1. Small (G, A, S), under 22 Å from L36 (Cβ atoms) and surrounded by fewer than 18 Cβ atoms within 10 Å (Cβ to Cβ), is that true of A89?
2. Could you tell me which of the residues A168, A214, A152 is buried (at least 19 other Cβ atoms within 10 Å of the Cβ) and within 18 Å of the chain's Cα centre (by Cα)?
3. What do you reckon, is A44 of a type in the set (G, A, S), at pLDDT 95 or above and more than 19 Å from A249 (Cα to Cα)?
4. Mind checking which pairs have a first residue in segment 247-264 that is assigned to a loop (DSSP other than H, G, I, E, B) and a second that is open to solvent by less than 30 Å² (accessible area, probe 1.4 Å) and not hydroxyl-bearing (S, T, Y), Cβ under 6 Å, 6 or more apart or different chains?
5. Residues of segment 59-79 being open to solvent by less than 10 Å² (accessible area, probe 1.4 Å) and not in a helix (DSSP H, G or I), which ones?
6. Is it the case that P272 is of a type outside the set (A, V, I, L, M, F, W, C) and at pLDDT 95 or above?
7. Those residues that are of a type outside the set (S, T, N, Q) and either over 19 Å from V275 (Cα atoms) or surrounded by fewer than 19 Cβ atoms within 10 Å (Cβ to Cβ) (or both), I need them from segment 39-58; list them, please.
Amino acid sequence: MRYLPLFIAAVLTGLVSLPARADFHVFACEPEWAALARTFMPDAHFTTATSYLQDPHYIEARPSLIAAMSRADIAVCTGASLEAGWLPALLQRAGNTDIQPGQPGLFFASDHAQLFAPHDHVDRSMGDVHPEGNPHVHLSPDQLPNIAKALAERLGAMRPDNSADIFARYIKWRVNWNFHRANWQERAKALQGRSLVIQHTGFSYLLRWLGIGATMDLEPKPGLPPSASHLNQLLADPRLEDAAAILIASHQNQKPAQWLSAQIRKPILVLPGTVTDDSKTDTLAELISEIINRLESAMPEVANGSL
C-alpha cells in the first residue's frame, strides 16, 4: 500500500504511450461512451451513432452505422431500453457475431449502475417509461466510476497486450474524477433545495445528486412532446413560483419552454445532455462542471454568494 501514492504520481506525471490501435474499432451508441472509451484507448477508431443534438431514443439505422457496427470490436451503449427502438435492428443487420447480446463485445453501461425509478409493470399508457429505470446514468457523479472501471476492465480483457496502459489511464481518470467530484460537492451546498422545471429526465441523476428538485415536467408523460393543455395546467401550478429556471436539453424543441418562460418570467437553460465537440463540454467531467456553472448563473444569489 505504501507504494500506491508513488504509482498514482507516476500515472499523473506521464503515461506510457499506447501503441497505435487504429485496428481496434469502438462503436459508441452515445457520445458520452465514446468520450469515456477514448480516455482508455485514445488511438482506437471510433464511430458514434448519435450527437448531443439528437434524442438517443430515436435514430435511424443508417447504412453508415450498419457498416461501422459490422467491423466494430466493441459496442458501448447505455442499455436499459434507451436504444431499444434502433439498436436491435442495427445489430441484426450488421451481422457481427462478436457484439451480439451476451458477447464480450457488447457493453451496456446500465449493467454496472443502480438505476433510479425502475417499474415492475410498464404499458404504453405510461409514455416512454423504461422498466429497468431511468437510463440517463452518465450524469451521475457517484455511478460513473463503477461504469468506467467496468469498461476499462472489458477493454483490457479484449486487448490484454494493452491492459496495463488501459488500467493506468483508468487510474488517472479516477483521480481526476474524484477531484472534480469534491468540487461539485462543495458547490452543491448552495444549490440544495432549489427547484427547476424540466423536460424529460435526462438531467435527473445530476439534479438529484446536487439536491435540486425537478418538480414539474414540460412533458405530459415521459417521451411525449409538451402539449398546450399540459402547459396550461403547469401554469396553474403554484409550485412554479419557486422554480428558479426551466431546464431543457439541446436536442429538445425550445418553443414550449419559451412559451412558459414568457408567462412566468423565469430563465431558460438550454444545455447539452451529453458531451460535445466544444472544449468546455467534451468530457463528462467538463460537461457536469459546465451544467453546474449554468445552474449557478441562473440563480444570481448563488453565483454572488449571498445565500
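1. In short, no.
2. A152
3. Spelling it out, A44 is indeed of a type in the set (G, A, S), at pLDDT 95 or above and more than 19 Å from A249 (Cα to Cα).
4. S250/P272; Q252/Q199
5. Matches in segment 59-79: A72, I74, A75, V76, C77, T78, G79.
6. Yes.
7. P42, D43, H45, L53, D55, H57, Y58
The values are calculated or read from the model by the stated rules, or taken from the named source; none is laboratory data. The model shown is predicted, which means the values in this text are computed figures rather than measured ones. Counting neighbours? That spans all protein chains shown, and the Cβs are built from the backbone with ideal geometry, glycine included. When the accessible area is computed, the model is the full protein with side chains, heavy atoms only, and any ligands, DNA or RNA have been set aside. Shrake-Rupley method; radii C 1.70, N 1.55, O 1.52, S 1.80 Å.
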